[in-house]
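Input: a single structure, listed below in structure tokens.
The values are calculated or read from the model by the stated rules, or taken from the named source; none is laboratory data. Since we're looking at a predicted model, the values are computed, not measured. A quick note on method: Cβ atoms are made from the backbone with ideal geometry, for glycine too, and the neighbour counts reach across all protein chains shown.
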Amino acid sequence: MAIIDSQVHVYEANTPKRPWHTVPNWPDHVTGDEMVTAMDRVGVDGAIFISAFSMYRYDASYAVQVQRAHPGRFALVKPVDPDDPAVADVIADWKKTPGTVGIRIILTKEAGRDPNDPGLDRILRAAVRHDFPVNMLCWSCSPERGPPSRRSPGPICRRCSTSPSVETR
């Protein structure tokens with residue numbers, strides 16, 4: 001039976017070539033080669049590689065580079081921007097990228113985004129159109145307002161900062 005890690009973040013060191021947006025309290029780097037070595041050491045066959053939003057925001061180019069170097073080891077998930085009016089096109093292009101398996105919506109505390117935001121609807125509609133599951137990371141999903149995932153006809157994996165959960169449809 002294959003063992004798959006359900007979420008890894010792989011990233012290069014913070015350099016002018018690939019600068020980080022923020023500097024989290026993480027190791028200085030965990031490259032694709034380093035992650036594969038670590039996976040081999042503990043018997044993990046593959047991983048869902050979620051492009052590190054805190055470092056790269058919506059740029060998943062490093063994830064694509066790593067997947068090309070290690071085909072068959074990583075399935076890719078890309079954060080998408082609800083404020084991008086062309087987000088549906090971004091998702092359509094992502095679907096054409098080898099190794100992709102989904103997209104991620106990140107609802108930060110700072111954004112204060114309403115669950116009825118039209119950008120979230122654009123993402124959910126495009127995800128369904130391209131048969132992509134949506135992974136949601138919510139810092140501020142209030143129970144009284146509800147998450148946008150309630151409106152999605154497709155599969156949603158939702159992770160809230162206070163109570164992780166998984167929803168499937």
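So the values come out like this:
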| quantity | calculated |
| --- | --- |
| Whichever residue in region 58-99 is assigned by TED's automatic domain parsing to the domain that holds Ala47 and polar (S, T, N, Q) and, among such residues, is nearest to Ile4 (Cα to Cα) | Gln67 |
| Selection count where residues are assigned to a loop (DSSP other than H, G, I, E, B), surrounded by 17 or more Cβ atoms within 10 Å (Cβ to Cβ) and out of contact with any Ser or Thr (no Cβ under 6 Å at 6 or more places or on another chain), scope region 13-67 | 5 |
| Output for region 3-12, where each listed residue is of a type in the set (A, V, I, L, M), in a loop (DSSP other than H, G, I, E, B) and closer than 24 Å to Asp81 by Cα | Val10 |
| Residues of region 79-137 that turn out to be surrounded by 13 or more Cβ atoms within 10 Å (Cβ to Cβ), part of a loop (DSSP other than H, G, I, E, B) and more than 14 Å from the chain's Cα centre (by Cα), as a count | 7 |
| Selection within region 24-45 - in contact (Cβ under 8 Å) with a residue 24 or more places away in the chain and either in contact with a Phe, Trp or Tyr (Cβ under 7 Å, 6 or more places away or on another chain) or over 19 Å from Gln67 (Cβ atoms) (or both) | Pro24, Gly43 |
| Answer from Val36, Val42, Val10, Val23 - the residue that is within 22 Å of Asn135 (Cα to Cα) and not polar (S, T, N, Q) | Val10 |
| Within region 112-122, tally of residues that are farther than 11 Å from Met136 by Cα and touching a Pro at 6+ places or on another chain (Cβ under 8 Å) | 7 |
